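Student: Below is a structure I'd like to ask you about.
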Amino acid sequence: MINFNQYKVLTFDCYGTLIDWESGILGAFKPLLTNHKQNLDDGTILQLFAQFESEIQKGKYLTYKKVLRKVVERLGEQFGFLPNSEELYSLSNSIKNWLPFPDTVEALKSLKNQFKLAIISNVDDNLFADSAKHLTVDFDWIITAEQVKSYKPTLNNFKAAIDRIGLPKEQILHVACSVYHDIIPAQSLGISTVWVNRRAGKEGAGANLPVVAQADLEVPNLQTLANLSMSK
């Protein structure tokens, strides 16, 4: 168990941690694949997304909207079809409709009473602005990939967050669902981490690459984290 009294700021990954991005990804990809007579199971769709997204983000910086367009292009190349102009942006255009997990909003409200809150997200500013409307909580800092021109797991994103927050990293607790994008890089900088294991009991790594690391705390959802922090 970690000592919550040590921390003044909670930083959050957004998609997969606060927002149910796997449902969003599947909701956008399934009609696209059906249009081109492809029938894939959910696990395969999410695995391909994780692979394509991470490969594209390792290259020259592109906005996340362009990253997602390239993900759709790669999907077409994989299965021998050419997405039309509407389909190319179907994934990025769907983000405004991706919803928080059922426990997210109330847990954030509770945590906001105890800590300052920040977002560190692999996304464009305007795309996060759409998601922020669903989250309803005001974050004290928002650090996006667009602002720092890089994508997690690059350490640049976390270093930028530490600089903006202006507190010792020992007072920052990073909360995320992705071991690959968040837990490993945050830990490498000496930041304490909470792994929100949204896929507990499910097969595979979903929309994240399958890597293993030990966070300082593992919880199944955000409400559990809020409850633990209140008992500090």
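Student: So if I check each of L48, L18, L68, L10, which one is over 27 Å from K133 (Cβ atoms) and either among the hydrophobic types (A, V, I, L, M, F, W, C) or over 16 Å from the mean Cα position of the chain (by Cα) (or both)?
Tutor: Criteria check complete, one pass: L48.
Conditions tested, residue by residue: (1) hydrophobic (A, V, I, L, M, F, W, C); (2) without any contact (Cβ under 8 Å) to a residue 24 or more places away in the chain; (3) open to solvent by 20 Å² or more (accessible area, probe 1.4 Å); (4) more than 22 Å from M230 (Cα to Cα).
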{"site": "K8", "(1), (2), (3), (4)": "no, no, yes, no"}
{"site": "G16", "(1), (2), (3), (4)": "no, no, no, yes"}
{"site": "L40", "(1), (2), (3), (4)": "yes, yes, yes, yes"}
{"site": "G43", "(1), (2), (3), (4)": "no, no, yes, yes"}
{"site": "Q51", "(1), (2), (3), (4)": "no, no, yes, yes"}
{"site": "V105", "(1), (2), (3), (4)": "yes, no, yes, no"}
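Student: Something else about it: Name the residues in the stretch 212-221 that are out of contact with any Lys or Arg (no Cβ under 9 Å at 6 or more places or on another chain) and modelled with pLDDT of 90 or more, would you?
Tutor: Initial filter on the stretch 212-221 (out of contact with any Lys or Arg (no Cβ under 9 Å at 6 or more places or on another chain)): 212-219.
Of everything in the stretch 212-221, those that are out of contact with any Lys or Arg (no Cβ under 9 Å at 6 or more places or on another chain) and modelled with pLDDT of 90 or more turn out to be A213, Q214, A215, D216, L217, E218, V219.
Conditions tested, residue by residue: (1) outside any loop (DSSP other than H, G, I, E, B); (2) β-branched (V, I, T).
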site	(1), (2)
T11	yes, yes
G27	yes, no
K37	no, no
G59	no, no
E87	yes, no
L91	yes, no
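Student: So E86 ticks every box in (1) open to solvent by 50 Å² or more (accessible area, probe 1.4 Å); (2) in contact (Cβ under 8 Å) with a residue 12 or more places away in the chain but one. Which box is left unticked?
Tutor: Of everything listed in (1) open to solvent by 50 Å² or more (accessible area, probe 1.4 Å); (2) in contact (Cβ under 8 Å) with a residue 12 or more places away in the chain, E86 misses just condition (2).
Student: Step by step: first the residues of the stretch 205-221, then only those that are more than 17 Å from the chain's Cα centre (by Cα) and touching a residue at least 60 places away in the same chain (Cβ under 8 Å), then the one that is most open to solvent (accessible area, probe 1.4 Å). Which residue is that?
Tutor: Going through the qualifying residues, I end up with D216.
Student: Identify the residue in the stretch 115-156 that is touching a strand residue (DSSP E or B) at 6+ places or on another chain (Cβ under 7 Å) and of a type in the set (S, T, N, Q) and, among all such residues, is farthest from G24 (Cα to Cα).
Tutor: Looking at the filtered set, the residue picked out is T144.
The values are calculated or read from the model by the stated rules, or taken from the named source; none is laboratory data. All values reported here derive from a predicted model rather than from experimental measurement. Cβ sites come from the backbone with ideal geometry, for glycine too, and all protein chains shown count toward neighbours. What goes into the accessible areas is simple: the full protein's heavy atoms, side chains included, and nothing from ligands, DNA or RNA. Shrake-Rupley method; radii C 1.70, N 1.55, O 1.52, S 1.80 Å.
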